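Peer 1: Sharing a structure here in structure tokens format.
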Ligand SMILES: *Cc1c(COP(=O)(O)O)cnc(C)c1O
């Protein structure tokens with residue numbers, strides 16, 4: 001079976017982790033601080049705070065904004081469930097916006113239509129590695145949380161994603177652009193909110209009983225994070241090469257290829273194509289041929305909350321599939337995937 005995704009772990013990554021193990025300093029310490037600094041520098045961000053996951057980072061962003069019951073948060077329904085859970089943690093209300101059928105990212109015009117006087121934040125994921133139209137959304141004066149979990153290293157109009165919103169969150173889950181097993185990062189424009197986030201990340205050594213969490217990363221994960229971050233430009237390059245090869249081979253088949261704008265290109269966390277037939281059936285045929293193709297998201301979020309409508313989100317969910325893409329995908333494996341897709345669709 002050719003897996004749908006796989007982390008790229010090199011000897012360097014293993015050495016970096018082994019070094020921390022030998023030091024017997026496993027909890028978060030000076031390596032976390034080094035990872036945070038390197039991460040912020042790499043993407044020209046002011047501050048970065050490492051967390052135990054991307055979901056924890058999202059939760060901390062909502063806490064930093066004092067969001068609670070009765071507050072509304074706008075997000076797309078076409079994204080992973082993590083966002084909805086973070087909204088549940090603070091007892092707020094999810095308001096879904098439609099997506100753009102070409103990019104699969106949140107539709108800025110629909111965001112504008114869904115704003116009410118209770119809207120307290122907009123979460124903008126850069127889905128599958130492709131930057132969302134963040135500048136079109138940034139004009140409404142409501143705090144923006146960029147969800148860069150799938151797009152670390154991508155650029156919108158030549159500027160790194162994460163540098164547009166009031167907050168940006170990242171994930172280093174095992175299958176993401178760079179992996180630490182579990183882990184995340186949050187950045188904020190406001191220095192005082194960064195301090196608030198740092199305080200909420202850890203319960204230890206505090207003189208009062210304000211609500212705090214244990215959302216820290218370990219030095220083991222941070223050491224892996226540093227090694228992976230250094231390899232990120234190479235990982236992205238390899239992903240782009242694999243994506244371009246798919247697109248060259250598929251352009252004459254009956255499918256919509258991933259949107260590829262020139263100035264805000266994808267880092268191809270996923271290679272997602274849209275078919276003019278039920279994705280489910282094609283996924284089954286690919287799985288039977290030993291290729292782990294997948295639905296690009298698990299379930300449209302509005303189905304979990306019982307909201308109706310969302311014709312575009314539902315249609316994209318029904319018709320899209322995600323093919324294997326990762327730096328360690330071998331060219332022979334990709335050739336087999338290409339030939340199999342051709343046989344099925346031609
Ligand atoms: C993976 C992911 C998250 C959650 O990150 P975890 O580290 O798994 O908690 C949030 N948003 C998006 C878009 C993701 O892909």
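Peer 1: Name the residue that is surrounded by the fewest Cβ atoms within 10 Å (Cβ to Cβ), counting only residues in region 194-224 that are touching a strand residue (DSSP E or B) at 6+ places or on another chain (Cβ under 8 Å) and assigned to a helix (DSSP H, G or I).
Peer 2: Going through region 194-224, the residues touching a strand residue (DSSP E or B) at 6+ places or on another chain (Cβ under 8 Å) turn out to be 194, 197-198, 201, 215-217, 221-222, 224.
Among the residues that remain, those that are also assigned to a helix (DSSP H, G or I) are: 194, 197-198, 201, 221-222, 224.
Values: 194: 19, 197: 23, 198: 14, 201: 22, 221: 26, 222: 27, 224: 27.
Applying the filter and picking the extreme gives 198.
Peer 1: If you don't mind, there's one more thing I want to ask. Please go through region 22-48 and give me each residue that is touching a strand residue (DSSP E or B) at 6+ places or on another chain (Cβ under 9 Å) and either part of a loop (DSSP other than H, G, I, E, B) or within 14 Å of the ligand (Cβ to nearest atom) (or both), ordered by number.
Peer 2: 28, 43, 44, 45, 46, 47, 48
Peer 1: When you go through 64, 94 one by one, which is the residue that is more than 17 Å from the chain's Cα centre (by Cα) and surrounded by 21 or more Cβ atoms within 10 Å (Cβ to Cβ)?
Peer 2: Details: 94 fails: surrounded by 21 or more Cβ atoms within 10 Å (Cβ to Cβ).
The conditions single out 64.
Peer 1: Sticking with this structure for a sec: I need the full set of residues from region 176-193 which are surrounded by 13 or more Cβ atoms within 10 Å (Cβ to Cβ) and in a helix (DSSP H, G or I), in order please.
Peer 2: Our first condition is that a residue be surrounded by 13 or more Cβ atoms within 10 Å (Cβ to Cβ); within region 176-193, this holds for 176-190, 193.
193, the sole residue that qualifies.
Peer 1: Say whether the condition of being within 20 Å of residue 102 (Cβ to Cβ) and without any contact (Cβ under 8 Å) to a residue 24 or more places away in the chain is met by at least one residue in region 269-292.
Peer 2: Step one: filter region 269-292 for residues within 20 Å of residue 102 (Cβ to Cβ), giving 269-277, 279.
Checking the rest, the ones that are also without any contact (Cβ under 8 Å) to a residue 24 or more places away in the chain come to none.
No; the residues of region 269-292 include none that is within 20 Å of residue 102 (Cβ to Cβ) and without any contact (Cβ under 8 Å) to a residue 24 or more places away in the chain.
Peer 1: So, restricting to helices (runs of 4 or more DSSP H) that lie completely within region 249-331, which ones have at least 1 residues that are within 22 Å of residue 95 (Cβ to Cβ)?
Peer 2: 301-305, 311-319
Peer 1: Could I ask something else about it? Would you point out which residue out of 152, 145, 137 is in contact (Cβ under 8 Å) with a residue 40 or more places away in the chain, more than 10 Å from the ligand (Cβ to nearest atom), touching a strand residue (DSSP E or B) at 6+ places or on another chain (Cβ under 9 Å) and outside any loop (DSSP other than H, G, I, E, B)?
Peer 2: Numbers: 152 fails: outside any loop (DSSP other than H, G, I, E, B); 137 fails: in contact (Cβ under 8 Å) with a residue 40 or more places away in the chain.
None of the others qualify; the one that does is 145.
Peer 1: Just the residues that are assigned to a loop (DSSP other than H, G, I, E, B) and within 16 Å of the ligand (Cβ to nearest atom), please, taken from region 65-83.
Peer 2: From region 65-83, those assigned to a loop (DSSP other than H, G, I, E, B) are 65-71, 77-81; that's our starting set.
Of everything in region 65-83, those that are assigned to a loop (DSSP other than H, G, I, E, B) and within 16 Å of the ligand (Cβ to nearest atom) turn out to be 77, 78, 79, 80, 81.
Peer 1: Name the residue, out of 175, 103, 187, that is at pLDDT 95 or above and within 13 Å of the ligand (Cβ to nearest atom). Write out each step before concluding.
Peer 2: Numbers: 103 fails: within 13 Å of the ligand (Cβ to nearest atom); 187 fails: within 13 Å of the ligand (Cβ to nearest atom).
One residue alone meets the criteria, 175.
Peer 1: Take the residues in region 68-81 that are farther than 12 Å from residue 147 by Cβ, touching a residue at least 24 places away in the same chain (Cβ under 8 Å) and surrounded by fewer than 22 Cβ atoms within 10 Å (Cβ to Cβ), then tell me which one is nearest to the chain's Cα centre (by Cα).
Peer 2: Out of the qualifying residues, it is 81.
Peer 1: Follow-up. Here are 99, 67: which of them is under 21 Å from residue 322 (Cα atoms) and touching a strand residue (DSSP E or B) at 6+ places or on another chain (Cβ under 8 Å)?
Peer 2: Working: 67 fails: under 21 Å from residue 322 (Cα atoms).
Exactly one of 99, 67 is under 21 Å from residue 322 (Cα atoms) and touching a strand residue (DSSP E or B) at 6+ places or on another chain (Cβ under 8 Å), namely 99.
Peer 1: Now a separate question. Taking the criterion of being within 15 Å of the ligand (Cβ to nearest atom) and under 15 Å from residue 337 (Cβ atoms), would at least one residue in region 291-308 satisfy it?
Peer 2: So far as region 291-308 goes, yes, one or more of its residues are within 15 Å of the ligand (Cβ to nearest atom) and under 15 Å from residue 337 (Cβ atoms).
Peer 1: Take region 107-151 and flag every residue that is touching a helix residue (DSSP H, G or I) at 6+ places or on another chain (Cβ under 8 Å), under 21 Å from residue 265 (Cβ atoms) and surrounded by fewer than 17 Cβ atoms within 10 Å (Cβ to Cβ).
Peer 2: If the condition is that a residue be touching a helix residue (DSSP H, G or I) at 6+ places or on another chain (Cβ under 8 Å), under 21 Å from residue 265 (Cβ atoms) and surrounded by fewer than 17 Cβ atoms within 10 Å (Cβ to Cβ), then 136 is the only one that fits.
Peer 1: Report every pair of residues separated by at least 6 positions or lying on different chains whose Cβ atoms are under 7 Å apart, first residue within region 157-179 and more than 27 Å from residue 120 (Cα to Cα), second surrounded by fewer than 24 Cβ atoms within 10 Å (Cβ to Cβ) and at pLDDT below 95.
Peer 2: As it stands, the answer is 158/263, since those pairs meet every condition given.
Peer 1: Counting just the residues of region 163-172 that are outside any strand (DSSP E or B) and buried (at least 20 other Cβ atoms within 10 Å of the Cβ), which one comes out nearest to the ligand (Cβ to nearest atom)? Break it down into steps so the answer makes sense when it comes.
Peer 2: Here is the first cut: in region 163-172, the ones outside any strand (DSSP E or B) are 163-166, 172.
This time we only want the ones that are buried (at least 20 other Cβ atoms within 10 Å of the Cβ), so: 164-166, 172.
Numbers: 164: 16, 165: 14, 166: 17, 172: 7 Å.
This residue is 172.
Peer 1: For region 50-61, give me each residue that is assigned to a helix (DSSP H, G or I) and surrounded by 24 or more Cβ atoms within 10 Å (Cβ to Cβ). Full working, then the answer.
Peer 2: In the first step, residues of region 50-61 are kept if they are assigned to a helix (DSSP H, G or I); the result is 54-61.
Once the filter is applied, which keeps residues that are assigned to a helix (DSSP H, G or I) and surrounded by 24 or more Cβ atoms within 10 Å (Cβ to Cβ), region 50-61 yields 54, 56, 57, 58, 59, 60, 61.
The values are calculated or read from the model by the stated rules, or taken from the named source; none is laboratory data. Keep in mind that what you see is a predicted model, and the values were worked out from it rather than measured. Note: ideal-geometry Cβ built from the backbone for every residue, glycine included; neighbour counts use all protein chains shown.
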